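The values are calculated or read from the model by the stated rules, or taken from the named source; none is laboratory data. Here the structure is a predicted model, which is why all the values come from computation and not from measurement. Glycine gets a Cβ as well: all are built from the backbone with ideal geometry, and neighbour counts include every protein chain shown.
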Amino acid sequence: MDELALAALTVFSLLASVLWYSWIFKKSKKGTTPYPPGPWGLPILGYLPFLQLNLHHQFADLAQKYGPIYKLQLGSKLSIVISSPALIKEVVRDQDMIFANRDPPVAAVVVTGGVDIAWSPYGPYWRDMRKLFVREMLSNNNLQATCVLRKEEVAKVVRDVNMKIGKPIEIGELVFLTELNVILSLLWGGTIDEQKRDKLGAQFRDKVLKLVDLLGKPNVSDFFPVLAKFDVQGIEKETRALMPSVEEILDTVIDERTKMMASESERGKDFLGILLELKEQKVRDGSSFGLTQIKAILMTEANLTDAK
């Protein structure tokens, strides 16, 4: 009986594979532009089981075999990989509006609500956010206004290194923490005093590191959206569990800055202050830019820094 069941299962698997590949083949022939070449995968799973840890090495090897542009079927998501400078220029500059949209991971939607510049779909809202970044937050005047905060963080690192003369220093960790501290200082360094900033910064850094880990985990829900409601790996649940404490930290800092809006701090303007000023301006102009967007921007900046 066991042998019969095994034989039946084998035959069923073979038939399912044949039907799957036949459907894919017919679908690709229905008057649509043909996809670039690429490796075959398994039914339903696609190429997911064959992905390796060193993806950049594997993608380079696949490019040697299939050329500078090839496809990978990852679950229900079709991915196109490009590896030549000319194609990259075509995608990110010449045809950037066509390729601007991307599917946000489930964890990213939980963290930012999908209203940040990284995951928002291309359209009027995204263009407004981009203008906000380029013309306001990253303008020469505002970068100059936050210069004092960057200098303070660099000076602090130099002092710490001088105190450790003769002791081993982990350069990679030092650079990473310095970069993160600079970003946090730029975000709200002019809002709260140094002691409180260090305490909140440590708490925020701990939460962000956990969020980055969750964002970086391969999630079944991202490859098979139909399974997202089941949260098979519990990633969405873990992310949601972290967010209240993150929101509490952000609310504390925003409240502090709101109280200071009447008289600007002598320590220098930070990005949070710039965003809150923009919020007031946008409210007067009838825009929907509010605290939700501000928190999403702060989280995006922190997550992108840690992801590096």
Across the stretch 50-59, what is the total count of residues that are under 15 Å from ILE80 (Cα atoms) and either basic (Lys, Arg) or surrounded by 12 or more Cβ atoms within 10 Å (Cβ to Cβ) (or both)? 3
For the stretch 225-240, how many residues are part of a helix (DSSP H, G or I) and either surrounded by fewer than 16 Cβ atoms within 10 Å (Cβ to Cβ) or not charged (D, E, K, R) (or both)? 10
Suppose the filter is modelled with pLDDT of 90 or more and in contact with a strand residue (DSSP E or B) (Cβ under 7 Å, 6 or more places away or on another chain); does TYR47 pass it? yes
Condition set of a type in the set (Asp, Glu) and in a helix (DSSP H, G or I), scope the stretch 150-171, selection farthest from ILE183 (Cα to Cα): answer is ASP160
Consider VAL111 against the criteria (1) among the β-branched types (Val, Ile, Thr); (2) touching a residue at least 40 places away in the same chain (Cβ under 8 Å); (3) closer than 21 Å to GLY273 by Cβ; (4) not in a loop (DSSP other than H, G, I, E, B): it satisfies all of them except one. Which criterion is unmet? (3)
Scan the stretch 282-304 for residues that are aliphatic (A, V, I, L, M) and modelled with pLDDT of 75 or more and jot them down. LEU291, ILE294, ALA296, ILE297, LEU298, MET299
Among the residues of the stretch 105-139, write down those that are in contact with a helix residue (DSSP H, G or I) (Cβ under 8 Å, 6 or more places away or on another chain) and not hydrophobic (A, V, I, L, M, F, W, C). PRO105, THR112, GLY113, GLY114, ASP116, SER120, GLU136
Do we find that VAL175 is out of contact with any Lys or Arg (no Cβ under 7 Å at 6 or more places or on another chain), at pLDDT 80 or above and not acidic (Asp, Glu) in this structure? no
